[in-house]
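Engineer: Input: one structure, supplied below.
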Amino acid sequence: VQLQASGGGLVQTGGSLRLSCVASGISVSSKLMAWYRQAPGKERELIADIASWGSTNYADSVKGRFTISRDNAKNTVYLQMDSLKPEDTAVYLCEVFQSGKNYWGQGTQVTVSS
């Protein structure tokens, strides 16, 4: 299983970014896929997930601003991030639980300037 995350960058407060997580070795349509983030000195935080049947969940800190989705044909999970705030600055990672093990992408840095 491999997860390749991309799409991070530097953006101003109020801006938007779309993160992508391309999966290999699994089918994103059949798994619970998740996005986490980790800011310096803070614990890793689950911010959004999408179940195989399509239901989604969000952390309160991002609800109404972030949207998780997937493209089964591209085997990719996305995180659309709007109305970004400086406190959203972190490394963002995608994750899947497969065969008793957590698999993580390499992470993509998101920096929101004030």
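Engineer: State all residues of segment 63-109 that are within 16 Å of residue 43 (Cα to Cα) and in contact with a strand residue (DSSP E or B) (Cβ under 6 Å, 6 or more places away or on another chain); if no residue qualifies, say none.
Structural biologist: The initial filter retains those residues of segment 63-109 that are within 16 Å of residue 43 (Cα to Cα), namely 87-95, 104, 107, 109.
88, 89, 90, 91, 92, 93, 94, 95, 104, 107, 109 - these are the residues of segment 63-109 that are within 16 Å of residue 43 (Cα to Cα) and in contact with a strand residue (DSSP E or B) (Cβ under 6 Å, 6 or more places away or on another chain).
Every residue, every condition in (1) within 14 Å of the chain's Cα centre (by Cα); (2) not aromatic (Phe, Trp, Tyr), yes or no:
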residue	(1), (2)
56	yes, yes
74	no, yes
78	yes, no
88	yes, yes
92	yes, no
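FYI, it's all coordinate maths here, none of it is from the lab. Computed from a predicted model, the values in this text were never measured in an experiment. Cβ coordinates were reconstructed from backbone atoms using ideal geometry, including for glycine residues, and neighbour counts include every protein chain displayed.
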